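> Provided herewith is a single structure, encoded as structure tokens, for subsequent inquiry.
The values are calculated or read from the model by the stated rules, or taken from the named source; none is laboratory data. Owing to the predicted nature of the structure, the values given are computational and were not obtained by experimental measurement. As a convention, Cβ positions derive from the backbone with ideal geometry for all residues, glycine included, and neighbour counts pool all protein chains shown. SASA here: full protein model, heavy atoms, side chains in, ligands and nucleic acids out. Shrake-Rupley method; radii C 1.70, N 1.55, O 1.52, S 1.80 Å.
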Amino acid sequence: MARDTEGLQPEVPAVFRRAVRSLTSAQFRPEVRLEETPAPKRLAPHTHALSADVLVDEADEDATATGRLVLLYDPAGQEAWHGEFRLVTYLRASLEPEMGADPLLLAVGWTWITDSLAGRSAPYTAASGTVTRVASEGFGGMAGELASAEIEIRASWTPLEPDLTAHALAWGDALTTAAGLVPLPAGVVAMPPTRRRRSR
């Protein structure tokens, strides 16, 4: 996977190139399988996107949580952003049905974003988003199917500095928290995996 700014066009502003470099240089936990992905072009003059799967069980090919992080940059700024940059994310995670029924789940899901940003000391403003729960249960001929639940989080915020390393790490923390992984203790750095990451 390319993890630098080689794919950016020469006319891309230097400040955006540096922001992308800081975003993609973050070292995530080995359970997080990361890759660059095509970014939406109509949201801002300059965009860059990452996607990730969180595989809690090495033997399981199904991700417990998935996410996408999109960096938007408009040199003219946008009023709703309160800045020139904007980070937009979508997270989805599988839950135990009992947790999916918790009346506090939606509020807790939002704190996964805000607490992760605070935990990484990532300065930001103008955060907004939605949290949705999705529950399914089989009936009739599908009554034997196991009940399932998922949480979906859509969020965006404006970083207050062009170095986005802390924001990328906070996004990774929110993903792994949604996947049910215990946060790493303060000061502990995840070792990069030595195995080859599977292609999506």
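> Applying the selection to segment 134-153, what residues are in a strand (DSSP E or B) and either more than 17 Å from Gly100 (Cα to Cα) or touching a helix residue (DSSP H, G or I) at 6+ places or on another chain (Cβ under 6 Å) (or both)?
Correct list: Ala135, Ala149, Ile151, Ile153.
> Among the residues of segment 26-60 satisfying the criterion of being open to solvent by 60 Å² or more (accessible area, probe 1.4 Å) and in contact (Cβ under 8 Å) with a residue 40 or more places away in the chain, which is farthest from Arg120 (Cα to Cα)?
So the residue we want is Leu43.
> Same structure again: Can you tell me which residue among Ser121, Ser128 is open to solvent by 30 Å² or more (accessible area, probe 1.4 Å), in contact (Cβ under 8 Å) with a residue 12 or more places away in the chain and in a loop (DSSP other than H, G, I, E, B)?
Answer to the check: Ser121.
> If you take the residues of segment 59-112 that are of a type in the set (Ser, Thr, Tyr) and out of contact with any Leu (no Cβ under 6 Å at 6 or more places or on another chain), which of them is farthest from Ala147 (Cα to Cα)? Can you show your working first?
First pass over segment 59-112, keeping only residues of a type in the set (Ser, Thr, Tyr): 64, 66, 73, 89-90, 94, 111.
Then keep just the ones that are out of contact with any Leu (no Cβ under 6 Å at 6 or more places or on another chain); that gives 64, 66, 73, 90, 94, 111.
Details: Thr64: 16, Thr66: 20, Tyr73: 41, Tyr90: 23, Ser94: 11, Thr111: 26 Å.
Among residues in segment 59-112 that are of a type in the set (Ser, Thr, Tyr) and out of contact with any Leu (no Cβ under 6 Å at 6 or more places or on another chain), the one farthest from Ala147 (Cα to Cα) is Tyr73.
> Among the residues of segment 95-115, write down those that are free of Cβ contacts under 8 Å to residues at least 60 places away in the same chain and surrounded by 19 or more Cβ atoms within 10 Å (Cβ to Cβ).
The one that is free of Cβ contacts under 8 Å to residues at least 60 places away in the same chain and surrounded by 19 or more Cβ atoms within 10 Å (Cβ to Cβ): Leu95.
> Looking only at residues that are acidic (Asp, Glu) and in contact with a strand residue (DSSP E or B) (Cβ under 6 Å, 6 or more places away or on another chain) in segment 131-163, which one is most open to solvent (accessible area, probe 1.4 Å)? Walk me through it before giving the result.
First, the residues of segment 131-163 that are acidic (Asp, Glu): 137, 145, 150, 152, 161, 163.
Now drop any that are not in contact with a strand residue (DSSP E or B) (Cβ under 6 Å, 6 or more places away or on another chain), which leaves 150, 152.
Working: Glu150: 59, Glu152: 35 Å².
Result: Glu150.
> Further question: Just wondering, is there one or more residues in segment 64-73 that are at pLDDT 95 or above, farther than 27 Å from Arg133 by Cα and not aliphatic (A, V, I, L, M)?
Taking every residue of segment 64-73 in turn, at least one turns out to be at pLDDT 95 or above, farther than 27 Å from Arg133 by Cα and not aliphatic (A, V, I, L, M).
> From Ala179, Ala155, Ala149, grab the single residue that is touching a Gly at 6+ places or on another chain (Cβ under 8 Å) and closer than 16 Å to Arg68 by Cβ.
Working: Ala179 fails: touching a Gly at 6+ places or on another chain (Cβ under 8 Å); Ala149 fails: closer than 16 Å to Arg68 by Cβ.
The match here is Ala155.
> Where residues in segment 6-24 are open to solvent by less than 60 Å² (accessible area, probe 1.4 Å) and part of a loop (DSSP other than H, G, I, E, B), which of them is modelled with the highest pLDDT?
Pro13
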